[in-house]
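Remarks on the structure that follows.
The values are calculated or read from the model by the stated rules, or taken from the named source; none is laboratory data. Owing to the predicted nature of the structure, the values given are computational and were not obtained by experimental measurement. Please note: Cβ atoms are built from the backbone with ideal geometry, for glycine as well, and neighbour counts cover all protein chains shown. The area values use the complete protein model at the heavy-atom level, side chains included, leaving out ligands, DNA and RNA. Shrake-Rupley method; radii C 1.70, N 1.55, O 1.52, S 1.80 Å.
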Amino acid sequence: MSETRDAGRPGPGGAKAAGAAEEAPLSRLLRLMTTLRDPVAGCPWDVAQSFATIVPYTIEEAYEVADAVARGDLRDLRDELGDLLLQVVFHARMAEEQGAFAFDDVARAIGDKLVRRHPHVFSPDGTPLPAGSPLRDPAQVEAQWAAIKAQERAARQKERQEERQEARQNTGAAPDPTPDPLGGVARALPALARAEKISRRAAAYGFDWDEAAQVVDKVREETDEVAEALAAGDPQALSEEIGDLLFSVANLARHAGIDPETALRDGTAKFERRFAAMARHLAASGGALGRSDLAAMEAAWQAAKRDEAGGGP
């Protein structure tokens with residue numbers, strides 16, 4: 001964890017009183033955060049934070065969880081999940097201070113959502129259904145999940161639209177007749193992941209290609225337009241066309257059933273691995289990065305690729 005406070009770090013409220021009864025771990029964590037945020041007895045850094053200043057750490061911790069999973073390091077995963085949980089507790093505490101909601105409300109809301117989205121597992125009151133229930137038919141589960149999410153999204157959009165209309169009325173502005181059909185996709189998501197989600201949302205309205213081969217054609221079309229903008233020397237047009245190309249690639253990944261973030265992450269890792277191997281090949285022939293020409297680096301790169309394919313010496 002970078003600059004945020006680690007849940008296991010000593011600090012105000014961090015030491016358990018001698019002889020005190022053992023606290024439930026979650027209760028202890030909530031108590032520690034309450035103390036850290038205390039304007040008088042707390043930590044000045046923690047007290048000074050807001051939702052906006054904590055968000056970058058929240059995103060960073062989520063990525064560190066993903067990294068621990070990718071490395072298969074369960075000990076690190078345990079620690080990173082703790083750091084991520086701290087972010088939830090931090091946000092919930094700030095919301096509680098403003099009288100908006102508390103951690104229990106967060107936990108209750110996600111529990112309610114799990115019950116609501118799993119009618120094939122739970123009855124409406126949360127009681128598990130019998131193991132032989134016909135509602136557990138795997139063929140129906142995915143479609144049912146998508147339908148429930150669509151209903152929830154429509155309800156949220158309606159609620160937000162009503163809130164916006166009320167706000168406009170309070171300020172004397174004219175009503176806005178057009179709700180955002182693609183609203184609700186977090187803007188803080190990585191750009192590639194958000195592109196995939198936006199394209200999936202549009203496809204739910206029927207605005208989509210029939211098959212992946214058509215998206216490949218679209219990618220080629222966008223590549224040609226990138227080349228045209230590059231030849232024209234127009235930086236603004238070039239940026240726009242590269243954005244269109246990346247959005248088309250995200251669409252292609254969706255049609256192919258591939259997560260674009262994972263694909264790009266794996267592609268980047270492959271480049272890193274091959275680049276390091278290329279450097280070793282250069283060193284073995286008396287060269288070095290920064291002192292070898294492009295032809296020598298290309299030869300070493302091809303040698304690194306052959307090694308990966310099992311064709312090395």
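Need the C-alpha centroid separation for region 229-251 versus region 23-38, integer Å.
About 49 Å separates the Cα centre of region 229-251 from the one of region 23-38.
I need the phi-derived Karplus couplings for region 80-92: 6.51 cos²θ - 1.76 cosθ + 1.60, θ = phi - 60°, integer Hz, Gly and Pro marked x.
So the Karplus estimates, Gly and Pro as x, are 5, 5, x, 4, 5, 4, 4, 4, 4, 4, 4, 4, 5 Hz.
How much FRET efficiency would the formula 1/(1 + (r/R0)^6) give for ALA212 and THR35, where r is the Cβ-Cβ distance and R0 is 35 Å, rounded to 0.05?
0.05
If you roll a 1.4 Å probe over the chain with all protein chains in place, what percent of the accessible area is carbon or sulfur?
59 percent
Rounded to the nearest 0.05, what FRET efficiency is calculated for ALA21 and ARG156 with R0 set to 35 Å and r the Cβ-Cβ distance?
0.25
Give me the distance in nm between label points sitting 7 Å out from Cα along the Cα-to-Cβ direction at ALA48 and ASP234, one decimal.
4.6 nm
Give me the aspartates and glutamates in straight-line cross-link reach of LYS305: C-alpha distance below 18 Å, same-chain residues under 8 apart excluded.
ASP266, GLU272
Over the chain, what is the relative contact order in percent, taking alpha-carbon pairs closer than 8 angstrom and at least six residues apart?
Contact order relative to length: 8 percent.
Working from Cα positions, state the angle (0 to 90°, nearest 10) between the long axis of helix 212-232 and the longest principal axis of the chain.
Result, in degrees: 70.
At 1.4 Å probe radius, can you tell me the per residue accessible area of the chain in Å²?
64 Å²
Given [x] 60, 45, 38; [y] 96, 47, 26; [z] 68, 58, 56, which label gives Cα extents along the principal axes in Å as computed from the coordinates?
[z]
So how tilted is helix 103-117 from the main axis of the chain? Cα-based, degrees 0 to 90, rounded to 10.
So the helix axis and the longest Cα principal axis differ by about 70 degrees.
Give the peptides 246-256, 295-305, 224-234 in descending order of average Cβ contacts within 10 Å, highest first.
With the highest mean Cβ count within 10 Å placed first, the list reads 246-256, 295-305, 224-234.
At 222 nm, what helix-only mean residue ellipticity would the chain give, in deg cm²/dmol to the nearest 500, using -39500 (n - 2.57) for each DSSP H run of four or more?
Computed mean residue ellipticity for the chain: -22500 deg cm²/dmol.
Once you put a point 7 Å from the Cα of ARG75 and another 7 Å from the Cα of PHE275, both along the Cβ direction, what distance in nm separates them?
Taking the simple label geometry, ARG75 and PHE275 are separated by 3.0 nm.
For helix 138-170, report the angle its Cα long axis makes with the longest principal axis of the Cα atoms of the chain; keep it between 0 and 90° and round to the nearest 10°.
Roughly 70 degrees between the two axes.
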